[in-house]
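Below is one structure, written out as structure tokens, with a few remarks after it.
The values are calculated or read from the model by the stated rules, or taken from the named source; none is laboratory data. Source: prediction; values computed, not measured. Using ideal geometry, Cβ is built from the backbone for each residue, glycine included, and neighbour counts are taken over all protein chains shown. Just so you know, the surface numbers come from the protein's heavy atoms only, side chains and all, with ligands and any DNA or RNA stripped out. Shrake-Rupley method; radii C 1.70, N 1.55, O 1.52, S 1.80 Å.
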Amino acid sequence: LKIDHIYSSDLKRAHQTAAKVATNWPGMPVKTDARLRERDIPDESFPDACRRWKDVFNEIIVPLDGDILIVAHDGPVRYLVSTALGIPYTETPLNVGAFDLDNCGLCHLQYNQGHWKTRFINRRADI
């Protein structure tokens, strides 16, 4: 697997996972971004969290060339996969059963000039 950029939530568990995975590409820095955090339920509305995730993905995915590895939490990953699949991401159980996301499950999505291609979702790997 070719990786050109690695991004992670700034929270400890996600950053540790990203750092461990990054050892497969010596010298590859892990860039952290707090916007890849899970929704802060008491202090953040669902639409606000979705806007935050949309903003960070538009800044990370759209302008960068190459293959990007993102290590994040259920909410932002589910938002991104739902976007790629064309499934509205809602606060209701509408898309909860559409696909599974396990801890450390890998999703391989390709974005090219406004179009998504889903390679796989929730592939388990020992990392």
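Against the set (i) 41, 31, 29; (ii) 39, 39, 26; (iii) 67, 27, 18, the structure's computed Cα extents along the principal axes in Å falls on (i). Solvent-accessible surface of the chain, averaged per residue with a 1.4 angstrom probe and all protein chains in place: 61 square angstrom.
Full extension of the segment from Trp25 to Tyr111, taken as 0.36 nm per residue of separation minus the current Cα-Cα distance, would add 28.8 nm.
Computed on protein heavy atoms with a 1.4 Å probe, the accessible areas place Arg119, Arg78 in the order Arg119, Arg78, largest first. Within 14 Å, Cβ to Cβ, of Ala84, how many net charges do the neighbouring residues add up to if Lys/Arg are +1 and Asp/Glu are -1? Value of the local net charge: +4. Solvent-accessible area assigned to carbon and sulfur over segment 7-60 amounts to 53 percent, based on a 1.4 Å probe.
The lysine pair count for the chain, using Cα distances under 21 Å and pairs eight or more places apart or on different chains, is 8.
What's the FRET efficiency of Glu44 with Asp102 using the Cβ-Cβ distance as r and R₀ = 35 Å, to the nearest 0.05? So the FRET efficiency works out to roughly 0.90.
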